[in-house]
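Inspection log for the structure reproduced underneath, given as structure tokens.
The values are calculated or read from the model by the stated rules, or taken from the named source; none is laboratory data. The shown structure was predicted, so the numbers you read here are calculated from the model rather than taken from an experiment. Cβ: placed from backbone, ideal geometry, glycine included. Neighbour counts: every protein chain shown. Remember, those area values only see protein heavy atoms, side chains included, never the ligands or the DNA or RNA. Shrake-Rupley method; radii C 1.70, N 1.55, O 1.52, S 1.80 Å.
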Amino acid sequence: MVKVGLTGGIGAGKSEVSRLLASYGAVIVDADRIAREVVEPGTPGLAAVVEEFGAGVLASDGTLDRPKLGGIVFADPERLKALNAIVHPLVGARSAELEASAGPDAVVVHDVPLLAENGLAPLYDLVIVIDAAPQTQLDRLVRQRGMTEDEAKSRMAAQATREQRLAIADLVIDNDGPLAELEPQVREVWERLRSR
């Protein structure tokens, strides 16, 4: 088994790279998806979030109101730490379960947005960083995700810098250009992973 950490700043294109790697045969362990699962209604994770942040972070249907919680935690680093202290251990446990169920010859790619921030690089055989210029990230967040410029800048500021991410990279995929330039790079990375 090859354990890969995949990361990049918000709007850098991790999801597209994960999708491509999965299409080639990688087992994807998506930390964002798992983070949503561990706070679904009825889970201990959601109960802990409500205990910490109050019932005001719930939508009328009992699900987590992500935009409301995001507005709280991305405006206050201490509140973000409190949320992470609840969610990260749950995500780690579920990620370990998924990895354990992969075959011995699998390429397991852990898609982890906060890999650099949380010092997780040593957990992987190698780290791939999806790199895009901050202006490209900002443009994608505003244009594709409908964030205001201030919201996008706040989310970006809560993450590691581009330099911090590049410092932990074993492989870098440049996603500053159009989608057509991404696929050949990902294919090349996949061939390198398979040869390990």
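Averaging 1/r over every pair of different alpha carbons in the stretch 43-95 and inverting the result gives a Kirkwood radius of 11.4 Å. Over the chain, DSSP H runs of length four or greater, each weighted -39,500 (n - 2.57), average out per residue to a 222 nm ellipticity of -15500 deg cm²/dmol.
Excluding same-chain neighbours fewer than eight residues apart, the lysines reachable from K3 by a Cα-Cα span under 17 Å are K14. Model label points for E40 and D125, set 7 angstrom from Cα along the Cα-to-Cβ axis, are 3.1 nm apart. Restricting the calculation to alpha carbons of the chain gives Rg and Dmax of 17.0, 50 angstrom. Using a Gaussian network model of the chain with C-alpha springs under 10 Å, which one of S23, S95, S60 is most mobile by mean-square fluctuation? Maximum among the listed residues: S60. Relative contact order of the chain: 38 percent, from C-alpha pairs under 8 Å at least 6 residues apart in sequence. In terms of accessible area, using a 1.4 Å probe and ignoring ligands and nucleic acids, H88, H110 rank largest first as H88, H110. Computed about its Cα centre, the charge dipole of the chain is approximately 40 debye, with only Lys, Arg, Asp and Glu carrying charge at their Cβ. Round to a whole angstrom and tell me the spacing of the C-alpha centers of the stretch 153-167 and the stretch 112-139. Here the answer is 8 Å between Cα centres. With each label modelled as a point 7 angstrom along the Cα→C-beta vector, the S154-E52 pair spans 1.8 nm.
First check a/c for the stretch 130-196, with a ≥ b ≥ c the square roots of the eigenvalues of its C-alpha gyration tensor; if it is under 1.5, answer rounded, and if not, answer prolate when a/b is larger than b/c or oblate otherwise. Oblate shape, in that a/c is at least 1.5 and b/c is the bigger or equal ratio. Quick check: from the Cα gyration tensor, does the stretch 124-164 come out rounded (a/c under 1.5), prolate or oblate? Prolate is the answer for the stretch 124-164, as a/c is 1.5 or above and a/b outweighs b/c. Measuring between their Cα centroids, the stretch 174-196 and the stretch 1-65 lie 24 Å from each other.
Annotation: for a label point projected 7 angstrom from Cα along Cα→Cβ of A93, residues of the stretch 38-67 with backbone N closer than 13 Å are 38-39, 43-48.
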